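S.K.: Submitted below is the structure of interest, expressed as C-alpha coordinates.
The values are calculated or read from the model by the stated rules, or taken from the named source; none is laboratory data. Given the structure is predicted, the values throughout are model-derived calculations rather than measurements. Every residue, glycine among them, receives a Cβ derived from its backbone with ideal geometry; neighbour counts consider all protein chains shown.
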Amino acid sequence: MSQLFSPLEIGNLILENRIIVAPMCQYSSTDGSANDWHIIHLGHLALSGAGLLITEATAVSAEGRISPRDLGLYSDANERALGRTLDAVRANSTMPVAIQLAHAGRKASSRPPAEGGAQIPPDAPDGWKTEGASALPHTEGDDAPIALDRAGLDRVRRDFVAAAGRAARLGFDGIEIHMAHGYLLHQFLSPVSNRRDDAYGGELENRMRFPLEIFDAVRDAFPADRSVWVRVSATDWVDGGWDIDGTVALARALKDRGCAAIHVSSGGVSSAQQIVLGPGYQVPFARQVRAAVGLPTIAVGLITDPEQAESIIASGDADAVALARAMLYDPRWPWHAAAALGCQVRAPRQYWRSQPREVKDLFQGATYGQR
(Lines give C-alpha, C1' and ligand atoms only; values in the text may rest on other atoms or scores of the structure.)
Protein backbone atom coordinates (compact mmCIF):
# COMPACT_ATOMS: atom_id res chain seq x y z
CA MET A 1 0.00 0.00 0.00
CA SER A 2 1.31 3.46 -0.92
CA GLN A 3 2.29 5.66 2.01
CA LEU A 4 2.07 8.78 -0.17
CA PHE A 5 -1.65 8.16 -0.64
CA SER A 6 -2.41 7.38 2.99
CA PRO A 7 -4.27 9.94 5.17
CA LEU A 8 -2.43 12.45 7.34
CA GLU A 9 -3.57 14.52 10.30
CA ILE A 10 -2.14 18.02 10.71
CA GLY A 11 -3.74 18.95 14.00
CA ASN A 12 -7.48 18.74 13.37
CA LEU A 13 -6.97 18.97 9.61
CA ILE A 14 -7.27 15.58 7.91
CA LEU A 15 -5.68 15.17 4.48
CA GLU A 16 -6.74 12.39 2.11
CA ASN A 17 -3.15 12.00 0.93
CA ARG A 18 0.28 13.47 1.68
CA ILE A 19 0.72 15.60 -1.43
CA ILE A 20 0.55 19.33 -0.73
CA VAL A 21 0.40 22.14 -3.26
CA ALA A 22 3.04 24.54 -1.94
CA PRO A 23 2.39 28.29 -1.78
CA MET A 24 3.57 29.98 -4.99
CA CYS A 25 3.61 33.74 -5.47
CA GLN A 26 1.84 34.87 -8.64
CA TYR A 27 2.69 38.59 -8.58
CA SER A 28 -0.68 39.23 -10.17
CA SER A 29 -2.91 40.95 -7.62
CA THR A 30 -4.45 44.41 -7.86
CA ASP A 31 -3.61 46.52 -4.79
CA GLY A 32 -3.23 43.30 -2.82
CA SER A 33 -6.57 41.91 -3.99
CA ALA A 34 -7.08 38.60 -5.75
CA ASN A 35 -8.62 38.75 -9.22
CA ASP A 36 -9.76 36.43 -12.01
CA TRP A 37 -6.24 35.03 -12.41
CA HIS A 38 -6.34 33.70 -8.86
CA ILE A 39 -9.67 32.00 -9.47
CA ILE A 40 -8.27 30.27 -12.55
CA HIS A 41 -4.92 29.45 -10.93
CA LEU A 42 -6.16 28.16 -7.57
CA GLY A 43 -9.26 26.57 -9.08
CA HIS A 44 -7.05 24.65 -11.48
CA LEU A 45 -4.81 23.39 -8.68
CA ALA A 46 -7.82 22.51 -6.51
CA LEU A 47 -8.77 19.90 -9.12
CA SER A 48 -5.34 18.25 -8.95
CA GLY A 49 -6.18 15.55 -6.42
CA ALA A 50 -3.61 16.78 -3.86
CA GLY A 51 -4.37 16.48 -0.17
CA LEU A 52 -4.03 20.19 0.59
CA LEU A 53 -3.72 23.49 -1.27
CA ILE A 54 -1.81 26.37 0.37
CA THR A 55 -2.35 29.78 -1.18
CA GLU A 56 0.59 31.99 -2.01
CA ALA A 57 2.37 34.20 0.54
CA THR A 58 -0.31 36.69 1.56
CA ALA A 59 0.89 39.93 3.11
CA VAL A 60 -0.55 41.08 6.42
CA SER A 61 0.07 44.73 5.50
CA ALA A 62 0.65 46.78 2.39
CA GLU A 63 4.30 47.37 3.34
CA GLY A 64 4.68 43.63 3.97
CA ARG A 65 4.21 42.73 0.31
CA ILE A 66 7.20 41.42 -1.61
CA SER A 67 6.13 43.31 -4.73
CA PRO A 68 3.42 45.86 -5.52
CA ARG A 69 1.42 43.03 -7.09
CA ASP A 70 1.61 40.60 -4.18
CA LEU A 71 -1.52 39.19 -2.62
CA GLY A 72 -2.63 40.72 0.67
CA LEU A 73 -5.21 40.28 3.42
CA TYR A 74 -5.03 43.64 5.14
CA SER A 75 -8.17 45.42 3.92
CA ASP A 76 -11.87 44.80 3.47
CA ALA A 77 -11.34 44.92 -0.30
CA ASN A 78 -8.66 42.22 -0.03
CA GLU A 79 -10.97 40.09 2.08
CA ARG A 80 -13.90 40.40 -0.34
CA ALA A 81 -11.74 39.54 -3.33
CA LEU A 82 -10.13 36.54 -1.69
CA GLY A 83 -13.55 35.41 -0.48
CA ARG A 84 -14.79 35.44 -4.07
CA THR A 85 -11.82 33.29 -5.08
CA LEU A 86 -12.29 30.85 -2.23
CA ASP A 87 -16.02 30.57 -2.92
CA ALA A 88 -15.29 29.60 -6.53
CA VAL A 89 -12.76 26.98 -5.43
CA ARG A 90 -15.03 25.54 -2.76
CA ALA A 91 -17.97 25.30 -5.15
CA ASN A 92 -15.99 22.88 -7.32
CA SER A 93 -13.55 21.11 -5.00
CA THR A 94 -13.57 19.49 -1.57
CA MET A 95 -9.80 19.92 -1.17
CA PRO A 96 -8.81 21.67 2.09
CA VAL A 97 -7.36 25.13 1.53
CA ALA A 98 -4.90 26.90 3.84
CA ILE A 99 -3.43 30.39 3.61
CA GLN A 100 0.19 31.40 4.11
CA LEU A 101 0.44 34.68 6.05
CA ALA A 102 3.63 36.65 5.53
CA HIS A 103 5.53 39.90 5.88
CA ALA A 104 8.44 40.46 3.50
CA GLY A 105 10.42 42.79 5.78
CA ARG A 106 13.54 44.16 4.09
CA LYS A 107 12.82 42.08 0.96
CA ALA A 108 9.63 44.05 0.30
CA SER A 109 9.24 46.76 -2.38
CA SER A 110 10.80 44.51 -5.04
CA ARG A 111 10.18 43.82 -8.70
CA PRO A 112 8.62 40.43 -9.52
CA PRO A 113 11.17 37.79 -10.57
CA ALA A 114 10.08 38.06 -14.20
CA GLU A 115 11.16 41.72 -14.05
CA GLY A 116 14.52 40.98 -12.44
CA GLY A 117 13.52 40.96 -8.77
CA ALA A 118 15.53 44.07 -7.82
CA GLN A 119 14.48 46.35 -5.00
CA ILE A 120 12.29 49.30 -5.96
CA PRO A 121 13.73 52.41 -4.25
CA PRO A 122 11.35 54.03 -1.79
CA ASP A 123 11.12 57.24 -3.83
CA ALA A 124 10.42 55.43 -7.12
CA PRO A 125 6.95 54.70 -8.52
CA ASP A 126 5.47 51.62 -6.80
CA GLY A 127 8.22 51.66 -4.16
CA TRP A 128 8.09 52.16 -0.40
CA LYS A 129 10.40 52.24 2.62
CA THR A 130 10.95 48.76 3.97
CA GLU A 131 11.25 47.61 7.58
CA GLY A 132 13.19 44.77 9.13
CA ALA A 133 14.79 43.28 12.20
CA SER A 134 17.81 45.57 11.79
CA ALA A 135 18.77 48.44 9.50
CA LEU A 136 20.73 46.14 7.17
CA PRO A 137 19.94 45.94 3.44
CA HIS A 138 19.36 42.54 1.87
CA THR A 139 21.84 43.20 -0.94
CA GLU A 140 24.65 45.71 -1.33
CA GLY A 141 23.24 48.84 -2.93
CA ASP A 142 19.71 48.31 -1.61
CA ASP A 143 18.04 50.93 0.51
CA ALA A 144 18.38 49.86 4.16
CA PRO A 145 15.17 49.06 6.04
CA ILE A 146 13.95 50.80 9.15
CA ALA A 147 14.70 48.66 12.21
CA LEU A 148 11.37 47.94 13.89
CA ASP A 149 11.03 49.64 17.26
CA ARG A 150 8.60 48.68 20.03
CA ALA A 151 5.71 50.44 18.32
CA GLY A 152 6.60 48.79 15.00
CA LEU A 153 6.76 45.33 16.53
CA ASP A 154 3.35 45.84 18.12
CA ARG A 155 1.92 47.06 14.81
CA VAL A 156 3.22 44.03 12.90
CA ARG A 157 1.77 41.73 15.55
CA ARG A 158 -1.62 43.45 15.22
CA ASP A 159 -1.41 43.07 11.44
CA PHE A 160 -0.87 39.31 11.75
CA VAL A 161 -3.77 39.05 14.20
CA ALA A 162 -6.08 41.04 11.92
CA ALA A 163 -5.16 38.90 8.90
CA ALA A 164 -5.72 35.72 10.93
CA GLY A 165 -9.17 37.01 11.84
CA ARG A 166 -9.95 37.70 8.20
CA ALA A 167 -8.71 34.20 7.27
CA ALA A 168 -11.02 32.73 9.91
CA ARG A 169 -14.02 34.63 8.55
CA LEU A 170 -13.21 33.45 5.03
CA GLY A 171 -13.24 29.84 6.21
CA PHE A 172 -9.67 28.82 5.51
CA ASP A 173 -8.93 25.37 6.91
CA GLY A 174 -5.52 26.32 8.25
CA ILE A 175 -2.84 29.00 8.43
CA GLU A 176 0.82 28.58 7.56
CA ILE A 177 2.99 31.36 9.03
CA HIS A 178 5.92 32.25 6.79
CA MET A 179 9.16 32.23 8.80
CA ALA A 180 11.38 31.29 5.85
CA HIS A 181 13.10 32.59 2.71
CA GLY A 182 14.58 35.72 4.21
CA TYR A 183 11.30 37.46 4.95
CA LEU A 184 10.62 39.39 8.14
CA LEU A 185 10.29 36.60 10.70
CA HIS A 186 13.30 34.79 9.25
CA GLN A 187 15.17 38.11 9.45
CA PHE A 188 14.67 38.04 13.23
CA LEU A 189 15.85 34.44 13.46
CA SER A 190 19.07 34.78 11.48
CA PRO A 191 22.29 36.33 12.84
CA VAL A 192 22.93 37.47 9.26
CA SER A 193 20.03 39.93 9.37
CA ASN A 194 19.46 40.45 13.10
CA ARG A 195 22.04 42.67 14.82
CA ARG A 196 19.73 44.01 17.51
CA ASP A 197 20.96 44.68 21.04
CA ASP A 198 17.57 44.49 22.75
CA ALA A 199 15.43 41.54 23.89
CA TYR A 200 14.91 40.54 20.24
CA GLY A 201 18.57 40.17 19.24
CA GLY A 202 21.75 38.40 20.20
CA GLU A 203 21.29 34.93 21.69
CA LEU A 204 19.09 32.32 20.02
CA GLU A 205 16.34 32.69 22.62
CA ASN A 206 16.09 36.41 21.89
CA ARG A 207 16.16 36.00 18.11
CA MET A 208 13.31 33.50 18.34
CA ARG A 209 11.25 35.78 20.60
CA PHE A 210 9.38 37.86 18.00
CA PRO A 211 8.59 34.97 15.61
CA LEU A 212 7.22 33.01 18.58
CA GLU A 213 5.17 36.00 19.69
CA ILE A 214 3.67 36.17 16.21
CA PHE A 215 2.86 32.46 16.31
CA ASP A 216 1.16 32.82 19.69
CA ALA A 217 -0.86 35.81 18.49
CA VAL A 218 -2.02 34.07 15.31
CA ARG A 219 -2.81 30.85 17.18
CA ASP A 220 -4.95 32.81 19.65
CA ALA A 221 -6.74 34.71 16.85
CA PHE A 222 -7.61 31.65 14.75
CA PRO A 223 -10.31 29.16 15.80
CA ALA A 224 -8.92 26.50 18.13
CA ASP A 225 -10.34 23.68 16.01
CA ARG A 226 -8.36 24.81 12.94
CA SER A 227 -4.64 24.21 12.50
CA VAL A 228 -1.77 26.68 12.47
CA TRP A 229 1.73 25.69 11.40
CA VAL A 230 4.97 27.28 10.23
CA ARG A 231 7.28 27.27 7.22
CA VAL A 232 10.95 27.59 8.10
CA SER A 233 14.30 27.84 6.35
CA ALA A 234 16.39 25.10 7.94
CA THR A 235 19.65 26.84 7.00
CA ASP A 236 20.79 30.11 5.47
CA TRP A 237 23.52 28.29 3.48
CA VAL A 238 25.84 30.98 4.87
CA ASP A 239 28.66 30.51 7.38
CA GLY A 240 27.58 31.88 10.74
CA GLY A 241 23.95 32.10 9.68
CA TRP A 242 20.76 30.38 10.80
CA ASP A 243 21.26 26.61 10.85
CA ILE A 244 19.61 23.26 11.53
CA ASP A 245 20.33 23.42 15.27
CA GLY A 246 18.44 26.69 15.54
CA THR A 247 15.66 25.23 13.42
CA VAL A 248 15.25 22.27 15.77
CA ALA A 249 15.17 24.60 18.78
CA LEU A 250 12.54 26.77 17.09
CA ALA A 251 10.47 23.72 16.12
CA ARG A 252 10.52 22.45 19.71
CA ALA A 253 9.35 25.84 21.00
CA LEU A 254 6.61 25.92 18.37
CA LYS A 255 5.47 22.42 19.30
CA ASP A 256 5.09 23.50 22.92
CA ARG A 257 2.83 26.33 21.71
CA GLY A 258 0.48 24.09 19.72
CA CYS A 259 2.05 24.29 16.26
CA ALA A 260 0.50 21.57 14.08
CA ALA A 261 3.37 20.96 11.63
CA ILE A 262 6.72 22.21 10.33
CA HIS A 263 7.22 22.91 6.63
CA VAL A 264 10.98 22.69 6.03
CA SER A 265 12.57 24.76 3.27
CA SER A 266 15.89 26.68 3.28
CA GLY A 267 17.77 29.80 2.24
CA GLY A 268 16.67 33.25 1.19
CA VAL A 269 18.10 35.60 3.81
CA SER A 270 21.37 36.47 2.06
CA SER A 271 22.61 36.93 -1.49
CA ALA A 272 25.84 35.25 -0.31
CA GLN A 273 24.09 31.89 0.14
CA GLN A 274 25.77 28.85 -1.39
CA ILE A 275 22.98 26.34 -1.99
CA VAL A 276 23.91 22.82 -3.04
CA LEU A 277 21.09 21.82 -5.39
CA GLY A 278 20.02 18.28 -6.24
CA PRO A 279 16.89 16.10 -6.20
CA GLY A 280 15.25 16.41 -2.79
CA TYR A 281 18.15 18.55 -1.56
CA GLN A 282 16.19 19.85 1.45
CA VAL A 283 14.75 16.49 2.52
CA PRO A 284 17.62 15.68 4.96
CA PHE A 285 16.72 18.82 6.91
CA ALA A 286 13.10 17.68 7.14
CA ARG A 287 14.25 14.30 8.38
CA GLN A 288 16.38 15.89 11.12
CA VAL A 289 13.54 18.10 12.31
CA ARG A 290 11.06 15.24 12.27
CA ALA A 291 13.37 12.94 14.21
CA ALA A 292 14.25 15.56 16.81
CA VAL A 293 10.86 17.17 17.34
CA GLY A 294 8.19 14.64 16.44
CA LEU A 295 5.83 17.08 14.70
CA PRO A 296 4.28 16.28 11.31
CA THR A 297 6.93 17.49 8.91
CA ILE A 298 6.55 18.63 5.30
CA ALA A 299 9.46 18.26 2.87
CA VAL A 300 9.85 20.50 -0.18
CA GLY A 301 12.42 21.19 -2.89
CA LEU A 302 13.09 19.41 -6.19
CA ILE A 303 10.64 16.60 -5.45
CA THR A 304 9.47 15.69 -8.93
CA ASP A 305 8.96 11.94 -9.24
CA PRO A 306 6.19 9.77 -7.70
CA GLU A 307 8.60 7.05 -6.63
CA GLN A 308 10.86 9.70 -5.07
CA ALA A 309 7.91 11.15 -3.14
CA GLU A 310 6.79 7.69 -2.04
CA SER A 311 10.28 6.89 -0.78
CA ILE A 312 10.44 10.12 1.25
CA ILE A 313 7.25 9.19 3.10
CA ALA A 314 7.88 5.44 3.39
CA SER A 315 11.41 5.91 4.75
CA GLY A 316 10.30 8.38 7.42
CA ASP A 317 12.10 11.39 5.97
CA ALA A 318 8.88 13.43 6.18
CA ASP A 319 5.16 13.05 6.71
CA ALA A 320 4.15 14.94 3.56
CA VAL A 321 5.72 16.41 0.43
CA ALA A 322 5.00 19.85 -0.99
CA LEU A 323 5.30 20.50 -4.70
CA ALA A 324 5.57 23.92 -6.34
CA ARG A 325 7.22 24.16 -9.78
CA ALA A 326 6.49 20.50 -10.48
CA MET A 327 2.79 21.17 -9.88
CA LEU A 328 2.77 24.18 -12.18
CA TYR A 329 4.43 22.15 -14.92
CA ASP A 330 2.07 19.21 -14.40
CA PRO A 331 -1.11 20.33 -12.59
CA ARG A 332 -2.33 16.70 -12.63
CA TRP A 333 0.80 15.41 -10.90
CA PRO A 334 -1.21 13.64 -8.16
CA TRP A 335 -3.28 11.84 -10.80
CA HIS A 336 -0.15 10.59 -12.51
CA ALA A 337 1.44 9.66 -9.18
CA ALA A 338 -1.64 7.65 -8.21
CA ALA A 339 -1.55 5.84 -11.55
CA ALA A 340 2.16 5.06 -11.15
CA LEU A 341 1.71 3.79 -7.59
CA GLY A 342 -1.52 1.84 -8.16
CA CYS A 343 -3.68 4.16 -6.01
CA GLN A 344 -6.84 6.21 -6.32
CA VAL A 345 -7.18 9.97 -6.34
CA ARG A 346 -10.12 12.38 -6.17
CA ALA A 347 -11.02 14.08 -9.46
CA PRO A 348 -14.05 16.05 -10.65
CA ARG A 349 -16.84 14.01 -12.19
CA GLN A 350 -16.52 15.99 -15.42
CA TYR A 351 -13.04 14.50 -15.92
CA TRP A 352 -13.72 10.86 -15.05
CA ARG A 353 -13.77 9.78 -18.68
CA SER A 354 -10.15 10.92 -19.09
CA GLN A 355 -8.87 7.83 -17.27
CA PRO A 356 -6.51 5.96 -19.63
CA ARG A 357 -7.70 2.48 -20.66
CA GLU A 358 -4.61 0.84 -19.20
CA VAL A 359 -5.22 2.38 -15.77
CA LYS A 360 -7.91 0.77 -13.65
CA ASP A 361 -10.01 2.51 -11.01
CA LEU A 362 -7.84 5.63 -10.80
CA PHE A 363 -10.57 8.06 -9.74
CA GLN A 364 -12.46 7.69 -6.47
CA GLY A 365 -16.13 6.90 -7.04
CA ALA A 366 -15.86 6.98 -10.82
CA THR A 367 -18.31 5.00 -12.93
CA TYR A 368 -18.20 4.80 -16.69
CA GLY A 369 -21.30 4.41 -18.81
CA GLN A 370 -21.30 3.25 -22.40
CA ARG A 371 -23.24 6.14 -23.92
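S.K.: Scan the range 326-343 and tell me whether some residue there is without any contact (Cβ under 8 Å) to a residue 40 or more places away in the chain, in a helix (DSSP H, G or I) and within 24 Å of Cys25 (Cα to Cα).
M.R.: Checking the range 326-343: at least one residue is without any contact (Cβ under 8 Å) to a residue 40 or more places away in the chain, in a helix (DSSP H, G or I) and within 24 Å of Cys25 (Cα to Cα).
S.K.: Follow-up. Right, Pro125: farther than 18 Å from Thr55 by Cα, assigned to a loop (DSSP other than H, G, I, E, B) and without any contact (Cβ under 8 Å) to a residue 12 or more places away in the chain or not? Before you say what the answer is, go through the steps one by one.
M.R.: Working: farther than 18 Å from Thr55 by Cα: yes; assigned to a loop (DSSP other than H, G, I, E, B): yes; without any contact (Cβ under 8 Å) to a residue 12 or more places away in the chain: yes.
Yes.
S.K.: Would it be correct to say that Ala81 is among the small types (Gly, Ala, Ser), within 19 Å of Ser233 (Cα to Cα), touching a strand residue (DSSP E or B) at 6+ places or on another chain (Cβ under 9 Å) and free of Cβ contacts under 8 Å to residues at least 60 places away in the same chain? Give the steps one after another, and end with the answer.
M.R.: Values: among the small types (Gly, Ala, Ser): yes; within 19 Å of Ser233 (Cα to Cα): no; touching a strand residue (DSSP E or B) at 6+ places or on another chain (Cβ under 9 Å): yes; free of Cβ contacts under 8 Å to residues at least 60 places away in the same chain: yes.
No; evaluated as a whole, the condition is false for this residue.
S.K.: Criterion first (outside any loop (DSSP other than H, G, I, E, B), among the hydrophobic types (A, V, I, L, M, F, W, C), under 26 Å from Pro296 (Cβ atoms) and touching a residue at least 24 places away in the same chain (Cβ under 8 Å)) does Ala347 satisfy it? Write out each step before concluding.
M.R.: Working: outside any loop (DSSP other than H, G, I, E, B): no; among the hydrophobic types (A, V, I, L, M, F, W, C): yes; under 26 Å from Pro296 (Cβ atoms): yes; touching a residue at least 24 places away in the same chain (Cβ under 8 Å): yes.
No; evaluated as a whole, the condition is false for this residue.
S.K.: Moving to a separate point now. Tell me, yes or no, whether the range 267-279 has at least one residue that is closer than 23 Å to Leu52 by Cβ, surrounded by fewer than 22 Cβ atoms within 10 Å (Cβ to Cβ) and without any contact (Cβ under 8 Å) to a residue 60 or more places away in the chain.
M.R.: So far as the range 267-279 goes, yes, one or more of its residues are closer than 23 Å to Leu52 by Cβ, surrounded by fewer than 22 Cβ atoms within 10 Å (Cβ to Cβ) and without any contact (Cβ under 8 Å) to a residue 60 or more places away in the chain.
S.K.: Determine which member of the set Ala98, Ala135 is within 21 Å of the chain's Cα centre (by Cα) and either of a type in the set (Gly, Ala, Ser) or part of a loop (DSSP other than H, G, I, E, B) (or both). Give the steps one after another, and end with the answer.
M.R.: Working: Ala135 fails: within 21 Å of the chain's Cα centre (by Cα).
Only one candidate qualifies: Ala98.
S.K.: Give the range 185-203 a look and list any residue that's free of Cβ contacts under 8 Å to residues at least 40 places away in the same chain and either buried (at least 23 other Cβ atoms within 10 Å of the Cβ) or within 17 Å of Gly152 (Cα to Cα) (or both), or say none.
M.R.: As a first pass, look at the range 185-203 and keep what is free of Cβ contacts under 8 Å to residues at least 40 places away in the same chain: 197-199, 202-203.
Scanning the range 185-203 gives Asp197, Asp198, Ala199.
S.K.: Given the condition in a loop (DSSP other than H, G, I, E, B) and more than 25 Å from Ile262 (Cα to Cα), answer yes or no: does some residue in the range 310-323 qualify? Spell out the reasoning first.
M.R.: Residues of the range 310-323 that are in a loop (DSSP other than H, G, I, E, B), as a first pass: 315-319.
Checking the rest, the ones that are also more than 25 Å from Ile262 (Cα to Cα) come to none.
Checked against the condition, which is being in a loop (DSSP other than H, G, I, E, B) and more than 25 Å from Ile262 (Cα to Cα), the range 310-323 yields no hits at all.
S.K.: Identify, please: which residue in the range 171-181 is surrounded by fewer than 24 Cβ atoms within 10 Å (Cβ to Cβ) and among the small types (Gly, Ala, Ser) and is, among those, nearest to Ala217 (Cα to Cα)?
M.R.: Gly174
S.K.: Then there is this: Which of the residues belonging to the range 42-72 are over 15 Å from the mean Cα position of the chain (by Cα), of a type outside the set (D, E, K, R) and closer than 28 Å to Val156 by Cβ?
M.R.: Those that are over 15 Å from the mean Cα position of the chain (by Cα), of a type outside the set (D, E, K, R) and closer than 28 Å to Val156 by Cβ: Ser61, Ala62, Gly64, Ser67, Pro68.
S.K.: Only one of Gly369, Gly365 is at pLDDT below 95 and farther than 25 Å from Ile10 by Cβ; which?
M.R.: Working: Gly365 fails: farther than 25 Å from Ile10 by Cβ.
One residue alone meets the criteria, Gly369.
S.K.: Moving on to the next point. So, of the residues in the range 39-54 that are outside any loop (DSSP other than H, G, I, E, B) and in contact (Cβ under 8 Å) with a residue 24 or more places away in the chain, which turns out to be surrounded by the most Cβ atoms within 10 Å (Cβ to Cβ)?
M.R.: From the range 39-54, those outside any loop (DSSP other than H, G, I, E, B) are 39-45, 52-54; that's our starting set.
Right, trim to in contact (Cβ under 8 Å) with a residue 24 or more places away in the chain and you get 39, 42-45, 52-54.
Values: Ile39: 17, Leu42: 23, Gly43: 17, His44: 14, Leu45: 21, Leu52: 26, Leu53: 23, Ile54: 28.
So the residue we want is Ile54.
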